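The values are calculated or read from the model by the stated rules, or taken from the named source; none is laboratory data. All values derive from a computational prediction rather than experimental measurement. When we count neighbours, we look across all protein chains shown, and the Cβ atoms used for this are built from the backbone with ideal geometry, even at glycine. Ligands, DNA and RNA are stripped out before the accessible areas are found, and what is left, the full protein with its side chains, is counted by its heavy atoms. Shrake-Rupley method; radii C 1.70, N 1.55, O 1.52, S 1.80 Å.
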Amino acid sequence: MDTLTALAGQIAQLDTVDPAQLERMRHEALTAQAPWKAEYSAYQSGGWWTTSLMNASGDAADVTIGDCAAQPTDLLTRMPATAALLTELGLNYMWVRLARLEPNAFLWEHRDYDELDQVERHRLHIPLHTNTSAFLVTGGAKVHMTGGRIWRLTPTYAHGVCNLLGPDRIHLIADVYADDTYRRLARRPMLHPGSAEPLPVAGPAVIAERLQAARAMADLGYADAAERMLLRLFYTYALPEGAVYDLIAELHTSLGNEEAVTRWTTAKRRLLALTA
């Protein structure tokens with residue numbers, strides 16, 4: 001099975017967005033006086049910010065997503081081109097956000113939706129401002145979500161996002177409930193050749209070398225930096241699910257820090273929504 005076929009259920013392109021409308025939306029996202037919030041701190045390195053366009057309360061600063069009959073926020077009323085596209089799509093919105101990822105920022109490997117009601121929903125991304133060093137990792141491949149298209153991400157698969165060099169990556173993210181309108185939009189999902197790049201597999205020698213380097217950093221008093229180095233392996237190599245968390249636990253086992261071992265073992269279960 002080739003990479004594109006294997007990834008089809010995890011990430012796909014659904015439709016195009018009119019370039020002129022997309023440029024107006026990009027301008028709105030870059031210039032709006034938005035109340036950006038740093039939520040979900042356990043999931044990120046720092047540098048990931050969101051603000052809401054549709055939610056339960058109508059308050060753009062309310063960014064902890066949940067099931068609701070979404071209504072426009074005060075911010076969306078100041079973004080007419082964005083509001084027009086959302087109306088034009090006619091979807092049953094659960095929550096709509098702008099998400100901004102700064103340079104040298106990471107969303108760590110995780111799953112979403114586990115805490116929500118078990119009804120069919122989907123996550124759509126519309127890249128508004130991006131660069132080629134910003135990419136998503138899922139299924140052992142990295143995908144740069146190019147502008148001009150509506151993308152569907154299935155966030156119940158383990159995934160992570162990074163923006164290595166910048167500038168800021170800004171996406172419109174819409175969580176929508178499945179209905180006939182959504183199914184028409186998603187009737188021909190595709191992933192164009194060149195969109196996905198398989199990551200190399202990390203062999204035992206690479207893993208051993210990185211663990212040794214992390215141990216050396218921790219011995220010098222830089223345990224946090226050692227953890228971040230191991231977390232970033234997810235964006236460089238195709239690894240088994242949760243392997244970076246296991247490596248951090250192994251690091252702390254070698255240091256005799258049982259509290260940190262427990263903390264990272266618990267973090268793995270929480271971030272990947274594991275029940276055992």
Checklist entry - Are any of the residues in segment 128-139 free of Cβ contacts under 8 Å to residues at least 24 places away in the same chain, within 25 Å of G194 (Cα to Cα) and β-branched (V, I, T)? => result yes
Checklist entry - Does Y43 satisfy being over 25 Å from R270 (Cβ atoms) and either in contact with an Asp or Glu (Cβ under 8 Å, 6 or more places away or on another chain) or surrounded by 16 or more Cβ atoms within 10 Å (Cβ to Cβ) (or both)? => result no
Checklist entry - hydrophobic (A, V, I, L, M, F, W, C), crowded, with 17+ Cβ neighbours inside 10 Å, modelled with pLDDT of 95 or more and part of a strand (DSSP E or B): does that describe L172? => result yes
Item to check | Residues (in contact (Cβ under 8 Å) with a residue 40 or more places away in the chain and open to solvent by less than 20 Å² (accessible area, probe 1.4 Å)) located in segment 248-276 | outcome: L251, A267, L271, L272
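Kindly indicate which of P103, P127, P80, P72 is open to solvent by less than 50 Å² (accessible area, probe 1.4 Å) and of a type outside the set (K, R).
On the way: P103 fails: open to solvent by less than 50 Å² (accessible area, probe 1.4 Å); P80 fails: open to solvent by less than 50 Å² (accessible area, probe 1.4 Å); P72 fails: open to solvent by less than 50 Å² (accessible area, probe 1.4 Å).
Result of the check over P103, P127, P80, P72: P127.
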Checklist entry - Of the numbered conditions (1) more than 20 Å from L85 (Cβ to Cβ); (2) out of contact with any strand residue (DSSP E or B) (no Cβ under 6 Å at 6 or more places or on another chain), T181 satisfies every one except a single condition; which is it? => result (1)
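When you check Y245 against the structure, is it of a type in the set (F, W, Y) and free of Cβ contacts under 8 Å to residues at least 60 places away in the same chain, yes or no? Spell out the reasoning first.
Numbers: of a type in the set (F, W, Y): yes; free of Cβ contacts under 8 Å to residues at least 60 places away in the same chain: no.
Judged against the criteria, Y245 is not a match.
Results for (1) open to solvent by less than 40 Å² (accessible area, probe 1.4 Å); (2) under 30 Å from G148 (Cβ atoms), shown as yes or no for each residue.
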site: R183; (1), (2): no, yes
site: A214; (1), (2): yes, no
site: G221; (1), (2): no, no
site: D224; (1), (2): no, no
site: L233; (1), (2): yes, no
site: G242; (1), (2): yes, no
Next on the checklist: For segment 194-208, check the following and say yes or no: at least one residue is small (G, A, S), surrounded by 14 or more Cβ atoms within 10 Å (Cβ to Cβ) and touching a Phe, Trp or Tyr at 6+ places or on another chain (Cβ under 9 Å).
Outcome noted: yes
Next on the checklist: I'm trying to understand the selection: among the residues of segment 68-81, which are under 12 Å from T51 (Cβ atoms) and part of a helix (DSSP H, G or I)?
Outcome noted: L76, R78
